[in-house]
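Below is one structure; the comments refer to it alone.
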Amino acid sequence: MPALDPLKVYDARWEVSEFTDEQVRRLFEATYLYGQQLGVDTLSLTRDARLGGPRVMEIALAEALRVGLRVFIRPEQTSTPQSYFTALHVAQKYPQTMGLTITASHNPAQYIGVKFTVPGVKAIGADCGPLGGLTKIREIYHSSQKLADASGGSVHILDLTHEYIDFSMREAGVAPGALKGLSLVLDAFHGACGAELFQALCHAGVKVYARRLIPDGQFPTGSPNPTSQGKMIPAVELAGTLNADVVIGVDGDGDRIVFGDRRGILTAGFAFVPILQACLPPSQTGVPALYDPKVSPLALAEWGKLGAKPVLFRNGHSQIKDYMTQIGAPMAAEESGHYYHRITLGAVTTSSENSAITILLFLKALKNTPGLLDKLWDVEKRIFTTGEFNYQFADDTVRDRALATVVKHFADQGAAVVTATPDGIDLQGTCLSQGVRLDPGNVHLEPGWYSGYLRIATNEKGVVRSYFSAADTVVGKRVENATRDILVKAFAGKVID
């Protein structure tokens, strides 16, 4: 059996206690060996608020200097979107820049990890990116290849928060003070991006009421994931007390966002409607916009009304961004709360997350279209949505049996089972639906329809993730309860965030 490594499908991710400093050092040596094959001469290095971050950053920096890289570092806590901006900034002068972001996103406090970009600020994943991306780094990690010591390494400390905010406001088309009159509750979940979003929103004129604003890598209120069931209830209640217009929650590294108001949290498919409205000219049609298998069919119908052409794609940050570039899609959304844009700074254009841009576009649409949130709620309340519910099992073998049993249960009842996009790309999970037909430009829904997506977690052990939307509560609860019964009663699954 091969030795373990920390590399996953989208990034590197591990529990702090799982790997020694030497194994982490080897991860960065393998990364820089990979970078050497791409002509990398410069490194952009950032981290979020996690307690394991400083130690991993020290190792990454020491190894980079040992092998002679020019390093631009952000020692303070920053969001993942700002880390991508940092790589964009550095790449203006040094095009052969690799970007490393030390983060474990929304995972529990004991996790740490790394996200990677290569020259052009292009995200990589397993079998995604030059030479196979993370697959190539894994190959090197397990090989005998070494990087010799080299001279010329240097460290340069950057502070780009104000530049990031100014850039994001320009990209969103929001002038200072333009959003005056709007108020919102911002729940930062003790993550890294609260302060930068607070500054951007205040600069735009928004009245901000903040919760869990101070970064705390212990995450004392649990995993920093605003999409987990119940996590946003206090923020929603506070919005009702304060009569705030909007509720926004962001995860630990700031690249996952939820939107809502005192009535609750919108699903991402519907929250994407204002963002599209703010981006797309009224006369433009057929603009490709990627969506993942969990987005409600009714939300896709709303996208179409604005001139977007919904394009099904698999989950996965690196893979989505790569496919956006391939087909020229200017935007994408995942029901997990990830939103993507085509972003240009100077001579470099990339597909990436920028939560400040996403949030400002959402608020801009609300400001310019009174009653827009009411309209979205009117449509969303016509359907039932489970939200993502996750179960962990004794091991991966039990996990796989549990997932297969759920799929068989619904297939036996006549559900359509889809595991690939129309052009043959593996969805890395299973779509289940009944009474749903998606034709180009049209959504056909029969009474009692439902649609769902089930997959295994790529960064956590023994976990199945499930998500369903349905025509009404009766249908949705029937589907959800059947799924939970199988996962719990037959396979002893335990609920996790």
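Name, by its number, the condition in (1) modelled with pLDDT of 95 or more; (2) touching a helix residue (DSSP H, G or I) at 6+ places or on another chain (Cβ under 9 Å); (3) not assigned by TED's automatic domain parsing to the domain that holds GLN229 that does not hold for ALA394.
With respect to (1) modelled with pLDDT of 95 or more; (2) touching a helix residue (DSSP H, G or I) at 6+ places or on another chain (Cβ under 9 Å); (3) not assigned by TED's automatic domain parsing to the domain that holds GLN229, ALA394 is out only on (2).
Can you run down the residue pairs with Cβ atoms below 7 Å, 6 or more apart or on separate chains, where the first is in the stretch 9-38 and among the acidic types (Asp, Glu) and the partner is in a helix (DSSP H, G or I)?
Here the result reads ASP21/ILE59; GLU29/GLU63, each pair linking the stretch 9-38 to a residue that is in a helix (DSSP H, G or I).
For the stretch 295-372, list the helices (runs of 4 or more DSSP H) that sit wholly inside it and hold at least 3 residues that are at positive phi, without any contact (Cβ under 8 Å) to a residue 40 or more places away in the chain and not charged (D, E, K, R); which are they?
In the stretch 295-372, there are no helices (runs of 4 or more DSSP H) which contain 3 or more residues that are at positive phi, without any contact (Cβ under 8 Å) to a residue 40 or more places away in the chain and not charged (D, E, K, R).
With the condition kept exactly as written, say whether any residue in the stretch 88-102 is in contact with an Asp or Glu (Cβ under 9 Å, 6 or more places away or on another chain), closer than 19 Å to TRP14 by Cα and at pLDDT 95 or above.
yes
Failed condition for LEU4, given (1) modelled with pLDDT of 95 or more; (2) under 26 Å from the mean Cα position of the chain (by Cα), with all others met?
Answer for LEU4: the failing condition is (1).
Report yes if GLY387 is of a type in the set (Gly, Ala, Ser), out of contact with any helix residue (DSSP H, G or I) (no Cβ under 9 Å at 6 or more places or on another chain) and over 30 Å from ASP245 (Cα atoms), otherwise no.
no
Does ALA278 satisfy the criteria of being in contact with a strand residue (DSSP E or B) (Cβ under 9 Å, 6 or more places away or on another chain), at pLDDT 95 or above and surrounded by fewer than 24 Cβ atoms within 10 Å (Cβ to Cβ)?
no
Does ILE383 count as among the hydrophobic types (A, V, I, L, M, F, W, C) and more than 30 Å from THR97 (Cβ to Cβ)?
It is true that ILE383 is among the hydrophobic types (A, V, I, L, M, F, W, C) and more than 30 Å from THR97 (Cβ to Cβ).
Give me the residue from the stretch 51-109 that is touching a residue at least 24 places away in the same chain (Cβ under 8 Å) and acidic (Asp, Glu) and, out of that set, surrounded by the most Cβ atoms within 10 Å (Cβ to Cβ).
GLU63
Among the residues of the stretch 267-274, is any of a type in the set (Ser, Thr, Tyr), closer than 19 Å to THR358 by Cβ and either buried (at least 19 other Cβ atoms within 10 Å of the Cβ) or modelled with pLDDT of 95 or more (or both)?
Yes: the stretch 267-274 contains one or more residues that are of a type in the set (Ser, Thr, Tyr), closer than 19 Å to THR358 by Cβ and either buried (at least 19 other Cβ atoms within 10 Å of the Cβ) or modelled with pLDDT of 95 or more (or both).
Return the residues of the stretch 300-354 that are under 21 Å from ILE383 (Cβ atoms) and of a type in the set (D, E, K, R); say none if nothing qualifies.
Once the filter is applied, which keeps residues that are under 21 Å from ILE383 (Cβ atoms) and of a type in the set (D, E, K, R), the stretch 300-354 yields GLU302, LYS305, GLU334, GLU335.
Residues checked against (1) more than 30 Å from SER105 (Cβ to Cβ); (2) touching a residue at least 40 places away in the same chain (Cβ under 8 Å); (3) touching a His at 6+ places or on another chain (Cβ under 6 Å):
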| site | (1), (2), (3) |
| --- | --- |
| VAL398 | no, yes, no |
| THR405 | no, yes, no |
| ASP423 | no, no, no |
| VAL443 | yes, yes, no |
| PHE468 | no, yes, no |
| VAL475 | yes, yes, no |
| ALA490 | yes, yes, no |
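Restricting the stretch 35-86 to residues that are part of a strand (DSSP E or B) and among the charged types (D, E, K, R), which is nearest to ILE257 (Cα to Cα)?
The selected residue is ARG47.
Scan the strands (runs of 3 or more DSSP E) fully inside the stretch 384-497 and keep the ones with 1 or more residues being of a type in the set (D, E, K, R) and surrounded by 17 or more Cβ atoms within 10 Å (Cβ to Cβ).
442-456, 463-470
The values are calculated or read from the model by the stated rules, or taken from the named source; none is laboratory data. The model shown is predicted, which means the values in this text are computed figures rather than measured ones. So basically every Cβ, Gly included, is an ideal-geometry build from the backbone, and we count neighbours across all protein chains shown.
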